[in-house]
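Here is the structure we will look at, set down as structure tokens.
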Amino acid sequence: MCGIVAYIGSKPALPILMNGLKRLEYRGYDSAGFSVLNSDNGKLETVKTAGKIKALENKAKEINAAGALGISHTRWATHGGPTDINAHPHLSADGKIAVVHNGVVENYAAVKKILEAEGVKFTSDTDTEVIAHWISRFYKGDLNEAVLEALQSLEGTFGLAVICQNEPDVLIGARRGSPLALGICENETFLTSDTSAVIEHTQKIVYLEDNDVVSIRRNGFTVQNIKGQPVSREMQRIEGDLEMAQKGDFPHFMLKEIFEQPEALRNCTRGRLILEEGNAKLAGLDNSLKELRSIDRIIITACGTSYYAAMVGECLIEEWAGIPVEVEYASEFRYRNPIIGTNTLVFTVSQSGETADTLAALKEAKQKGATVLSICNVVGSTIARASDGGVYLHAGAEIGIASTKAFTAQVVVLSMIALLLGRQRRLSHENGIEIANAIDSLPCLVEQTLKLSDDILAIAKSYYKSTNFLYLGRHYHYPVAMEGALKLKEISYIHAEGYPAAEIKHGPIALIDENMPVVIVAPKDALFNKVVSNARSIKSHGGKLIVVTTANCSPIDEFADHIIRIPSTNTALMPVIASVPLQLLAYHIAVLRGNDVDTPRNLTKSVMVE
Ligand code: F6R
């Protein structure tokens, strides 16, 4: 998804912008560009190109771009294809104002019409070019004023960074519905849509709110609302360091993040389990404890992998707390006019905390008067800040586009919430102690499971040329199967479906033949014997069976083609363990197919458009 990095200070801006853009590569993009104010001739130097940052770097060698003020951007095409011309920055007709933009200008066609009638010639197909000309139309020597005036009539969403060659000491930022933050250092300031672009420089961050316009100078900044009234925004310290944003010895971020799971889960549970009381203490829910006691229904809304984590959460909360839970795709929830009673609690789940559909669902739930709590990984993200409370994952930055450690951490956070709600209701002290200890031991069990990576690579070698896969599971492992299939689709581009195991006899069994690998998630639990029957019928139709199980010496050993034997724990927590081999299987298959697993085609890390 699009990314912004801008700089004002005393150092050469270009290398800083390039490094920042590289840190944003993980988000996915199809073109990139920058404008730097050349301190030798006082003119804006703009370079942009379709393709990767490397291509931009090569192109940048051709120009002299010395200067300590600049804006830059990675673009993911929305209006207009991924071409050099459509890449950002976009310039005003006189070339004096440069703009980079995340978001969508909804009334761009109407604004473009006005500008064209006034004689402005457009060079690109983008909505962003409209912004550059529109700001220029209002420019009378004060860029901040011009941006404020221009934004009055622009509809839609934006994170903006704007510079003007007449004002070498000013960088303007503006935000509505698309994240933007300042990174503060002595005598230099960064403006970015994603703090991972600036963590190598500073951990001091000021998050802008919707409708903020910031005017940044070398010695400080001021924030106004869109009406021009001053507002104050607090500085915060962000978590994370540079090491977290680097691959280390791993060939891919995805593999690093799969292997980071024990540590991520330790960080996620640290200080949150009270083993002797058999309970969880989640600071972000402390203010809501009384309210939590009286809720009688929960809605969890999310997208993609986070949605599957929510489905596991549904099973956990219903099982331990006895509260009815509904899980809804956020993209559906927002338009469905959902019924939210006075004792209904809404949770959103989002790794990035920026997903547009999830944010819109949150707003819809709040509009209807619900308390909304959120489970996010990115601290200070829009969803986290728009919620009434919630729980951070503390899983560390997730860079690989395919979510892995965030998924297991989401399930663990949901398990702690289920424990807390359960202890307010039907879980005994003894049950609580058993569950709290089981949650506490998950990092060790995930560590053991990761040792299976080479065995899973061997299985991947047998199937990486397959064109279809089926993933099956029941109860807790139905969402695990769905998530396993999603992982494979995303990075290997193999068609895969996740299905409830018992349902395949109602149709999908017709797909089974010797070319269909079927991954069955079948830990030894109450449904194990039934899943064994499902597996047997697949085998009898010629399917290739890869079974993920905790069972030793079960009948399944006799007819499965491959067994992945994982450690066992409390039945309800098995999804955390069982999803790890599926992540590894997808990873190894994608690598064997020669795919770019960290930035798979057509995908972006945070989906900030509808
Ligand atoms: C899949 C994946 C996506 C995200 C989805 C929601 O690996 O990463 O399906 O889970 O786009 O993103 P968040 O959790 O950031 O709201």
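The values are calculated or read from the model by the stated rules, or taken from the named source; none is laboratory data. Predicted, not measured: the structure shown is a model, and the values here were computed from it. Note that each Cβ is placed from the backbone with ideal geometry, even for glycine, and that neighbours are counted across all protein chains shown. With ligands, DNA and RNA removed, areas are computed over all heavy atoms of the protein, side chains included. Shrake-Rupley method; radii C 1.70, N 1.55, O 1.52, S 1.80 Å.
Tally up the residues in the range 17-54 that are open to solvent by 20 Å² or more (accessible area, probe 1.4 Å), closer than 21 Å to T189 by Cβ and either of a type in the set (A, V, I, L, M, F, W, C) or in a helix (DSSP H, G or I) (or both), please.
4
At least 2 residues that are touching a residue at least 24 places away in the same chain (Cβ under 8 Å) and β-branched (V, I, T) in each: list the strands (runs of 3 or more DSSP E) lying fully within the range 330-449 that qualify.
Working: elements: 344-350, 371-376, 389-392.
Answer list for the range 330-449: 344-350, 371-376.
So, in the range 475-516, exactly how many residues are crowded, with 24+ Cβ neighbours inside 10 Å and more than 27 Å from the chain's Cα centre (by Cα)?
1
I need the full set of residues from the range 382-405 which are β-branched (V, I, T) and more than 13 Å from the ligand (Cβ to nearest atom), in order please. Can you show your working first?
Going residue by residue through the range 382-405, those that are β-branched (V, I, T) are 382-383, 391, 399, 401, 404.
Across the range 382-405, the qualifying residue is only V391.
Kindly provide the set of residues from the range 296-315 that are farther than 19 Å from S403 by Cβ and crowded, with 19+ Cβ neighbours inside 10 Å, ordered by number.
Once the filter is applied, which keeps residues that are farther than 19 Å from S403 by Cβ and crowded, with 19+ Cβ neighbours inside 10 Å, the range 296-315 yields I298, I299, C315.
Here is a list of conditions, (1) acidic (D, E); (2) at pLDDT below 95; (3) more than 15 Å from the ligand (Cβ to nearest atom), and E318 meets all of them except one; can you say which number that is?
(2) is the only condition that E318 fails.
Within the range 59-69, does at least one residue satisfy the condition of being within 23 Å of the chain's Cα centre (by Cα) and at pLDDT 95 or above?
In the first step, residues of the range 59-69 are kept if they are within 23 Å of the chain's Cα centre (by Cα); the result is none.
Scanning the range 59-69 turns up no residue that is within 23 Å of the chain's Cα centre (by Cα) and at pLDDT 95 or above.
Quick one: V346 ticks every box in (1) at pLDDT 90 or above; (2) within 9 Å of the ligand (Cβ to nearest atom); (3) of a type in the set (A, V, I, L, M, F, W, C) except a single one, so which number is it?
Here V346 meets the rest and fails (2).
Residues to consider are E291, E263, E276; find the one that is open to solvent by 70 Å² or more (accessible area, probe 1.4 Å) and modelled with pLDDT of 95 or more. Steps first, please.
On the way: E291 fails: modelled with pLDDT of 95 or more; E263 fails: modelled with pLDDT of 95 or more.
E276 is the lone residue from the list that is open to solvent by 70 Å² or more (accessible area, probe 1.4 Å) and modelled with pLDDT of 95 or more.
Restrict the check to the range 415-423 and report whether at least one residue is surrounded by fewer than 23 Cβ atoms within 10 Å (Cβ to Cβ), over 17 Å from the mean Cα position of the chain (by Cα) and more than 30 Å from Q236 (Cα to Cα).
Yes, there is a match, as at least one residue in the range 415-423 is surrounded by fewer than 23 Cβ atoms within 10 Å (Cβ to Cβ), over 17 Å from the mean Cα position of the chain (by Cα) and more than 30 Å from Q236 (Cα to Cα).
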